[in-house]
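Some notes on the structure that comes next.
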Amino acid sequence: MQKKIFSWLGGEFIELSGEAPLGTSVEEETVALFRSFEQELKTQGLALENTVRIRLWGRDREARNLGTAARSKILTGSAKAASSSYVSTNRFDSDTKVALDLLAKRPSRIDADRRPVEFQPPRNYLCYLRQDSFVFLSGYTSAAETFETQVPEVIKAVVGGLTVAGSMWDELVKMSLFLHRSQKLETLRELLGSGPALPANCQIEFGFVDGYAGDKSLLEVEATALMSGIETR
């Protein structure tokens, strides 16, 4: 397991990343990995309920699907967090089938606001999570026929998601884009350049994967933003 503790925009975050111990089933591996993450969070005075973003990796599509189902049984109620899940064989150094990246945030105060918001009708992952002054969107994809159509559709969906959550594109502080290995990063950059300009202080990162929840998807975007009109130090 890898652990990183850092301050960002006035908040303290703990980032955990690791592969599950080899088990007899994907569900067993997922539960065991969450349990080890929970123990690590406890050393920092936190719990799984402080998770703001969870990213699940499956060695293949079946592992992604089973791992996602197990995740939805573990993070429930107020513990639900913004989430995404991917297929990526390159993510693994062992023979296990599931890996996780978990981001937790220390509440700014005891009565800090935490509001997980479902899609309507509900899905097995959140629409977004509001925590303190932050908005965390789950991953957005598109099922359009071409990559050139998917990219603007995904960005439009992110803009819409931020608006519903009480934020806006100009408040975007981080965007993580996971591109299918069959596509070119240069093409993605060009398509992004024809859309709304990123805020000057927005962090942007790119990753490559082998698959998503949908068979047609070629891009998934995770976004983090600030609540509109709220300043951070």
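The values are calculated or read from the model by the stated rules, or taken from the named source; none is laboratory data. Please read all numbers here as calculations on a predicted model, not as lab measurements. Here Cβ is always computed from backbone atoms with ideal geometry, including for glycine, and neighbour counts include all displayed protein chains. Please note that ligands, DNA and RNA were not included when accessible areas were found on the heavy atoms of the full protein model with its side chains. Shrake-Rupley method; radii C 1.70, N 1.55, O 1.52, S 1.80 Å.
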Based on the alpha-carbon gyration tensor of the range 1-107 and its eigenvalue square roots a ≥ b ≥ c, which shape applies: rounded if a/c is under 1.5, prolate if not and a/b is larger than b/c, or oblate? prolate
Residue-by-residue Karplus 3J(HN,Hα) for the range 204-221, coefficients 6.51, -1.76, 1.60, Hz, glycine and proline x: 10, 9, 10, x, 10, 9, 9, x, 9, 5, x, 5, 8, 5, 10, 7, 10, 10
Among 12-24, 166-178, what's the highest-first ranking by average C-beta atoms within 10 angstrom per residue? 166-178, 12-24
Near the amide H of Gln203, under 5 Å away, which other amide H atoms are found, from residues 5 or more places off or on another chain, if H is placed in the peptide plane? Lys174, Met175
Considering only protein heavy atoms and a probe of 1.4 Å, how much of the accessible area of the chain is carbon and sulfur, as a whole percent? 50 percent
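Order these peptides, 183-196, 133-146, by their mean beta-carbon neighbour count within 10 angstrom, highest first. Before the final figure, lay out each step's value.
Numbers: 183-196: 13.1, 133-146: 20.5.
Taking the mean over residues of other Cβ atoms within 10 Å, the ranking is 133-146, 183-196.
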What is the packing order of peptides 76-83, 50-57, taking the mean over residues of other C-beta atoms within 10 Å and listing the highest first? 50-57, 76-83
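On average, how much accessible surface per residue is there in the chain, in Å², for a 1.4 Å probe, leaving out ligands, DNA and RNA?
Numbers: 11170 Å² over 233 residues.
Heavy-atom SASA per residue in the chain reads 48 Å².
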Normalised by the residues of the chain, what does the relative contact order come to in percent, with Cα pairs under 8 Å and at least six apart? 20 percent
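Tell me the mean residue ellipticity at 222 nm calculated for the chain from its helices only (DSSP H runs of n ≥ 4, each -39500 (n - 2.57), averaged over every residue, nearest 500).
Working: 4 runs with 58 residues, N = 233.
So the helix-based figure for the chain works out to -8000 deg cm²/dmol.
With an 8 Å cut-off on Cα pairs and a minimum separation of 6 or more residues, tell me the relative contact order of the range 22-139 in percent. Display every interim value, and only then the final one.
Working: 214 pairs, mean separation 34.1, N = 118.
Result for the range 22-139 is 29 percent.
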Pairs Lys42/Lys105; Lys73/Lys174; Lys73/Lys105; Lys73/Lys216; Lys97/Lys156; Lys3/Lys97: which exceed 24 Å Cα-Cα? Lys73/Lys174; Lys73/Lys216; Lys97/Lys156
Residues whose built amide H sits under 5 Å from the amide H of Phe208, excluding neighbours closer than 5 in sequence, are Leu179
May I ask for the distance between the Cα centers of the range 163-233 and the range 11-61, given as a whole number of Å? 24 Å
